[in-house]
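Here's the structure, in structure tokens; my notes come after.
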Amino acid sequence: MGAWFLGTFIAIPAFFFYDPILNHANHVVGSGDDIRVAVGALLEILLAISGIATAVVIFPIVKRVNESVALGYIASRTVESILILVGVVSLMSIVALRQDAANNGGALTGVAGGLLAVHDQTALLGPQFCAGLGNGILLGYLMWRSRLLPRPLVMIGLIGGPLALLAGIGVLLGVWDSTSGLPVAMTAPEAIWEFSLSVWLLVRGFRPSPILTGPPVVPSKTS
């Protein structure tokens, strides 16, 4: 699980590879750098696979805590990955249009702008909302009740998840821009939680617990 979580960070360089298409409005009618964009798309595909895997590999364990929440976590990560892939398709569609630009000319610029807008919205509805709900709240709850991880570490996720959701809601309602300082700062605890979780699992692993090997255990409300 730690390795798969670490794999979700593989997409960070994707924005560097996407630079020719994200920051150049006339890319679709220019010379372009299709290979560079394709590498970024590949990184995001690997991100989508890793995201689903993080929920699948832990399901046999966390279902012993609360199967409904564990299924909800799988659903959240799956929806997030689907939205990421929709964003990848939108960018690769621009690449395909650019390769056919000789037959269509400058009319493609408006189409490309629409596809870029689709990519922007998938980034908001996918990693922002779903990660906050799934990794922060749902997984945080499962780790808190199971005591498989130190509670101070889990608290980062339980705090970061709602903050990431609130930041996304603010962007969706136009309260602030996604790249402004406040939403970035509000999303930071969620990113710290995910990275810390991956490192902790790779280095230390889960704490010994009957949940790992025994029958389903539901901790008492006072635990």
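The values are calculated or read from the model by the stated rules, or taken from the named source; none is laboratory data. Just so it is clear, the model here is predicted, and its values are computed rather than measured. Counting neighbours? That spans all protein chains shown, and the Cβs are built from the backbone with ideal geometry, glycine included. Only protein heavy atoms, including side chains, enter the accessible area calculation; ligands, DNA and RNA are left aside. Shrake-Rupley method; radii C 1.70, N 1.55, O 1.52, S 1.80 Å.
What ranking do 87-98, 194-205, 156-167 get when scored by the average of other Cβ atoms within 10 Å per residue, highest first?
Details: 87-98: 19.8, 194-205: 15.7, 156-167: 21.3.
Highest mean packing first, the order is 156-167, 87-98, 194-205.
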(request) Would you kindly derive the ³J(HN,Hα) couplings of segment 155-161 from the backbone phi angles with the Karplus curve 6.51 cos²θ - 1.76 cosθ + 1.60 (θ = phi - 60°), listing them in order in whole Hz, with x for Gly and Pro? (result) 4, 4, x, 5, 8, x, x
(request) Work out how much length residue 68 to residue 177 would gain on full extension: take 0.36 nm times their residue separation and subtract the Cα-Cα distance, in nm to one decimal. (result) 35.8 nm
(request) Considering Cα pairs under 8 angstrom that are at least six residues apart, work out the relative contact order of segment 103-189 and quote it in whole percent. (result) 27 percent
(message) Tell me the angle of helix 181-203 to the major Cα principal axis of the chain, expressed in degrees between 0 and 90 and rounded to the nearest ten.
(response) 60 degrees
(request) Have a look at 22, 172, 127 and report the one farthest towards the positive end of the charge dipole of the chain, computed about the Cα centre with Cβ charges (Lys/Arg +1, Asp/Glu -1). (result) 127
(request) Please provide three numbers in whole Å: the alpha-carbon extents of the chain along the principal axes, with the largest listed first. (result) 66, 34, 28
(request) Whenever you get a sec, compute what percent of the accessible area on the chain sits on carbon and sulfur atoms (1.4 Å probe). (result) 71 percent
(message) Angle check, please: helix 108-123 long axis (alpha carbons) against the longest principal axis of the chain (alpha carbons), in degrees 0 to 90, nearest 10.
(response) 10 degrees
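Contact order normalised by length for the chain, with contacts defined as Cα pairs under 8 Å and 6 or more residues apart; what percent is it?
24 percent
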